[in-house]
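Just below is one structure, and these are the notes that go with it.
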Ligand SMILES: [Zn+2]
């Protein structure tokens, strides 16, 4: 098994739901993981082999964490309910930076790009 990235790599806002693309650890693919709040419960829907087999997977934790980051000003839901249900991608979703990784992605580019000549800073400020 390769060393797959254990973090969401893309995010979308779908109404009041947050949808994340999480890389599969066993293949090149991605799983779509949707999280939506219902009162004090965060429902997280997706379908991966581990979840389908009733096992824990990192996708649910990642979605709960990203949801908290996304709605940082709210008191986080106290419960997470897992739902094994495939999520179909929709072109109506609006792509947003992955919550909790906005800066990592930004600075990751700087590291890759080498020199910081000051010009890039303007984008941050
Ligand atoms: Zn999963």
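Values quoted throughout were computed directly from the atomic coordinates according to the rules given, and no laboratory measurement underlies them. The structure presented is a predicted model; accordingly, all values stated were derived computationally and were not measured. Cβ: placed from backbone, ideal geometry, glycine included. Neighbour counts: every protein chain shown.
Taking every DSSP beta bridge that has both residues in the stretch 1-109, what percent is antiparallel when rounded to the nearest 5? Mind dumping the intermediate values first?
On the way: 19 of 25 bridges.
The antiparallel fraction comes to roughly 75 percent.
Counting alpha carbon pairs within less than 8 Å and at least 6 residues apart, what relative contact order, in whole percent, applies to the stretch 10-107?
Numbers: 160 pairs, mean separation 32.7, N = 98.
Dividing the mean separation by the residue count of the stretch 10-107 yields 33 percent.
Sorting check: for 56-63, 16-23, 36-43, which peptide has the highest mean count of neighbouring beta carbons within 10 Å, and how do the rest follow?
Values: 56-63: 18.8, 16-23: 21.1, 36-43: 14.5.
Packing order, densest peptide first, comes out as 16-23, 56-63, 36-43.
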